[in-house]
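Inspection log for the structure reproduced underneath, given as C-alpha cells.
The values are calculated or read from the model by the stated rules, or taken from the named source; none is laboratory data. Remember, predicted model here, so these are calculated numbers, not experimental data. Cβ atoms come from the backbone with ideal geometry, glycine included; neighbour counts cover every protein chain shown.
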Amino acid sequence: MKFRLELLTSALIGGALWSAAQKPVPLYLDDSKPLESRVQDALSRMTTAEKIGIIHAQSKFSSPGVQRLGIPGIWCTDGPHGIRPDVLWDEWEQAGATNDSCVAFPALTCLAATWNPEMSRLYGESIGEEARYRNKNVLLGPGVNIYRTPLNGRNFEYMGEDPYLSSRMVIPYITGVQSNGVAACVKHYALNNQEVDRDHVNVIVDDRTLHEIYLPAFKAAVVEGGAWSIMPGYNKYNGEHACENPTLLLDILKNDWGFDGVAISDWGAVHNTEKVAQNGLDMEFGSWTNGLNWGASNAYDDYFLAKPYEKLINEGKLPMSQLDDKAARVLRLIMRTEMDRNRPYGSLNSDEHYAAARKIGGEGVVLLKNENNLLPLSPSKTKKILVVGENAIKMMTVGGGSSSLKVQRELLPLEGIKEYAAGNGVEVAYERGYVGDVTGEYNGVTTGQDLSESRSAEQLIADAVKAAKEADAVIFIGGLNKSDHQDAEGTDRNQFSLPYNQDAVIEALAKVNPNLVVVSLTGNAYAMPWLKDVPAVVQGWYGGSEAGHIIADVIFGEVNPSGKLPMTFAKDLTNYAAHAAGDSLVYPGVNGDVVYKEGLNVGYRHTDRLKRGNVNFAFGHGLSYTDFSFGNPTASGKEFDGEGVFTVTVPVSNIGQRNGSEVVQGYVRDVKSSVERPDKELKAFRKVNVNPGETENVTLTFDKSSFAYYDPSTHMWTVEPGKFEILIGNASDNIIAKVPVDVKETITWSDSVR
Ligand code: BGC
C-alpha cells in the first residue's frame, strides 16, 4: 500500500520529491555527474563475480550487465556495411526475426573511393541510426586494415592501400556512428592483411613499416576519432596473438595513444587466460569451450576471461587492478551508450538512409577509362542496350562472411538500368554471358534468387555475342562476388584474374560491338587483359541496397563520376611488392610466419617506381564527364619550421560542359634523406565541386607529420632538415605541379599522448 501511495505521489508531484522520499539516486546512475566518477562508483559496488560477468559474452553477440545494480548489458552487431540480422542466442544462424532487415550501404572500399570525409560522416550517422534503432550499442566496424595484397578476401571491408586516406576517412565514420550513442569498434587491430591462415599467421614486420603503414588509421581512429572500442584481430604479431599482444595493446594502444575504450576480442581470437588478462584485452567474445575447435553449447562460463580468470584472481595469482581496469572500461562503454539517456532514438530503413546509400555510392564509383566519351550513354543515341553478366542480376548483400546482411530491399544493376531506360525510351536486353556462383545463402539468410542456368559456357558466349551485334551499346557487369575465394571473409582469392571465364566473354563482346562498357563490381583490383579493346571501364564496387541506382546514375550521367581509386590497379599480381619476388614467405607465409619484406613499398609507394605500363590505373585515378585544369599553386611560404601548418592553394577550373567534382591530391617528397623514403606519400587531399567555366581555390594543409618518418631507433617521428617537395596532382601518377619547401632544423616528437 505504501509503495502504491508513493508511486502515486511521485506521478503527481514529479521526480524530485520521488527521489527525496526514496534513497538518493546512486552516483553511477546520475548522468549530471562526470563520467569517471560514475564509472568508479559503479565499480566500487561490484563483486569480483560481477566484474568478471561484464567482461565476457553471454551469447554470440551480447554480454550481461550487472542485474543487481540495474546496469544494462552490451549488444554488438556487425558491421561494417549495414546492421546484421539477429542470430540465435548461441548459434551463428540467423534467428529468423521479421524486424531485422536493414539498408545495405556501399562497401567501405566504395566509401574510401569517394575521397570525401563528408560522405564518411553521412555513412557513419546513417548506419549508426540503424544500429541504434535495432538497440545495438556496439557496431563492429569500420575496418581499416591496409590493402597489402589484392588477393586479400576482406579488402572490400577496408579503406584501401594508403594510411593517410584511410585515416581521414575513418574518423568521420566513427564520430557519425557515435553521435547516436552507439560505439564504433574499429577492426582488425592490427596487421590482419590476409585471410589465409588468419587465425594464427604470425606477421613479422619492421617497426618503421608498422608505424608508417599499418598503424596510422587505427591511431587516427583512436586519437582523433575517439573510438569507444577496438577489435584486436586473429593473427599474431611478433609471435603473440593480437588479443594477447602487449606491444599492440598496452604499449601502443593504451599507453601511447591513451585509448580509454574497450579492446573487444575478435570472435574466438583469445587463447590463454594469463596472457589475455595481463596483456591489455578487455572483453572476450566468440570463444569455443577451450579456445580450440569445438565448443559445448552455452559455454560462456568457460571463457578465458570467465571462471578461469576469476579463479586466478581469487587465488591471488593475478591482480585485481587489471580486472578493475577492464571492468571500468566496459562500464565506461555502457555509460557512453546504453546508459546515455540523451542519445537519439535512431531509425531503420528510412528514405534518408536509402538516399544516403545512393549518394555515397554515386560518389564512390570510379570512371577508369572513357575513350571517345562513350559514357554517359545518351538515350537519344543509344536506343538498344544489351546488359551482359551475372553481377547484373546477383544479390551481393548476402555472403562474404560476417558483413553479410538481410536487406529490406536491394535494387540490382539490371533493374536500375531498366528503370532508367524505361523512362527514357531505351530498350534493354539481357544475356548471362557466364555462370559464376548461383548460390546465395549465409547463416540462414537466402537471397531467394534462382540463378540456375543450363546453357554451356560456349553457348552463353555465343548468345551474348549474337545479341551484342544487334545492340547500340553493351554493358558488361561482372567482377567478383561474395563467395569463397572471391571477395569473402575466411579465404583469399586464388588468382588476380577475373574468375568464371569472364575475360573470354569480354573479349568476345569487344570484337563485335565497339561501344562496350565494362562495369566491375569487386572490392579488389583485378587483371584486365582486354583493356586496350574496351573503350569504357567503370569500377562499381559493391553498392548495397541501392546498387542498381548507383550504377545506372553513372552510366546515364545522372551522376557525374568523381570517385578515385583508393588502391592501385596494377597490371599483374607481380607488380605488387608483396608478390614481386613470388616469395611464399612474403605471402601467404611459410610455417606460420609471413614476413613483410617489402616494408614501406605498399601500393603506389612501390608501383610509382615501376616503368609506366605496369599499372592499369594508379592510386587516386578517376575520370569525370567534365574536364578540369589546375592553375599554379601558391604556398604559404618557402620554409616550414614545424610549428602550425604549411598551406598550398591550388586553383581548380572546370573547363568542360557540366558541373563536376575533382580531388586535389597533395603528396610529399623528401628530396634527400638519410633514410630510404617512398618517392611520394599522400599527405593532404580535398574534393571540390566546380561549375563549368568557374574556378575554385582549394587549400591543402600540411603539418609536421606530413614530412616525418618514424625512426625505430628512437621511437620518434622525425623530420630531417633539407628540401622537400609538395607534389600536386589528381592521381599518384599524374603530378601537375611541384611546390618546394625548406625545413631548416630537425623536428622530432613521440607518439605518446601521455
Ligand atoms: C570477424 C569480425 C566480426 C566477428 C563477429 C569475425 O569472424 O572477423 O570482423 O565482427 O566475426 O561476427
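Within region 432-476, the set of residues being touching a Leu at 6+ places or on another chain (Cβ under 9 Å), within 30 Å of Lys383 (Cα to Cα) and of a type in the set (A, V, I, L, M) comprises Val435, Ile461, Ala464, Val465, Ala467, Ala468, Ala471, Ala473, Val474, Ile475. Restricting attention to region 87-108, the residues that are among the β-branched types (Val, Ile, Thr) and either more than 30 Å from Asn524 (Cα to Cα) or more than 13 Å from the ligand (Cβ to nearest atom) (or both) add up to 2. Report yes if some residue within region 172-187 is among the aromatic types (Phe, Trp, Tyr), away from the ligand (no atom under 16 Å from the Cβ) and crowded, with 24+ Cβ neighbours inside 10 Å; otherwise report no. For region 172-187, residues among the aromatic types (Phe, Trp, Tyr), away from the ligand (no atom under 16 Å from the Cβ) and crowded, with 24+ Cβ neighbours inside 10 Å: absent.
Conditions (1) within 16 Å of the ligand (Cβ to nearest atom); (2) within 25 Å of Ala552 (Cβ to Cβ), marked per residue:
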residue: Ala488; (1), (2): yes, no
residue: Tyr500; (1), (2): no, yes
residue: Ala508; (1), (2): no, yes
residue: Lys511; (1), (2): no, no
residue: Pro514; (1), (2): no, yes
residue: Ser520; (1), (2): no, yes
residue: Tyr526; (1), (2): no, yes
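Somewhere in region 116-138, is a residue of a type in the set (Phe, Trp, Tyr) and in a helix (DSSP H, G or I)? Yes, region 116-138 contains a residue that is of a type in the set (Phe, Trp, Tyr) and in a helix (DSSP H, G or I).
Residues considered: Gly660, Gly622, Gly644, Gly656. Of these, the only one that is over 28 Å from Arg208 (Cβ atoms) and surrounded by fewer than 18 Cβ atoms within 10 Å (Cβ to Cβ) is Gly656.
When we screen Ala113, Ala95, Ala131, Ala57 for residues that are crowded, with 24+ Cβ neighbours inside 10 Å and out of contact with any helix residue (DSSP H, G or I) (no Cβ under 6 Å at 6 or more places or on another chain), the only hit is Ala131.
Listed here are the residues, each with its yes/no results for (1) in contact (Cβ under 8 Å) with a residue 40 or more places away in the chain; (2) under 30 Å from Asp30 (Cα atoms); (3) more than 15 Å from the ligand (Cβ to nearest atom).
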position: Gly65; (1), (2), (3): yes, yes, yes
position: Pro85; (1), (2), (3): yes, no, no
position: Leu111; (1), (2), (3): yes, no, yes
position: Thr114; (1), (2), (3): yes, no, yes
position: Lys136; (1), (2), (3): yes, yes, no
position: Leu139; (1), (2), (3): yes, yes, no
position: Glu157; (1), (2), (3): yes, no, no
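Report yes if some residue within region 238-252 is surrounded by fewer than 21 Cβ atoms within 10 Å (Cβ to Cβ) and without any contact (Cβ under 8 Å) to a residue 12 or more places away in the chain; otherwise report no. The answer is yes, given that some residue of region 238-252 is surrounded by fewer than 21 Cβ atoms within 10 Å (Cβ to Cβ) and without any contact (Cβ under 8 Å) to a residue 12 or more places away in the chain.
Take the residues of region 278-288 that are within 29 Å of the chain's Cα centre (by Cα) and modelled with pLDDT of 95 or more: which is nearest to the ligand (Cβ to nearest atom)? Applying the filter and picking the extreme gives Phe285.
Report yes if Glu130 is more than 15 Å from the ligand (Cβ to nearest atom) and in contact with a Leu (Cβ under 9 Å, 6 or more places away or on another chain), otherwise no. Considered against the rule, which asks whether it is more than 15 Å from the ligand (Cβ to nearest atom) and in contact with a Leu (Cβ under 9 Å, 6 or more places away or on another chain), Glu130 comes out as yes.
Give me the pairs, please: first residue somewhere in region 512-536 and of a type in the set (Phe, Trp, Tyr), second residue anywhere and at pLDDT 95 or above and crowded, with 24+ Cβ neighbours inside 10 Å, beta-carbon distance under 6 Å, and either six or more positions apart or on two chains. Pairs that qualify, where the first residue is of a type in the set (Phe, Trp, Tyr) and the partner is at pLDDT 95 or above and crowded, with 24+ Cβ neighbours inside 10 Å, are Tyr526/Leu498; Trp530/Ile506.
Comparison of Ser713, Ser752, Ser674 shows that the only residue that is in contact with a helix residue (DSSP H, G or I) (Cβ under 8 Å, 6 or more places away or on another chain), of a type in the set (S, T, N, Q), part of a loop (DSSP other than H, G, I, E, B) and on the phi < 0 side of the Ramachandran plot is Ser752. A count restricted to region 228-268 and to residues that are within 22 Å of the chain's Cα centre (by Cα) and either of a type in the set (Lys, Arg) or at pLDDT below 95 (or both) stands at 2.
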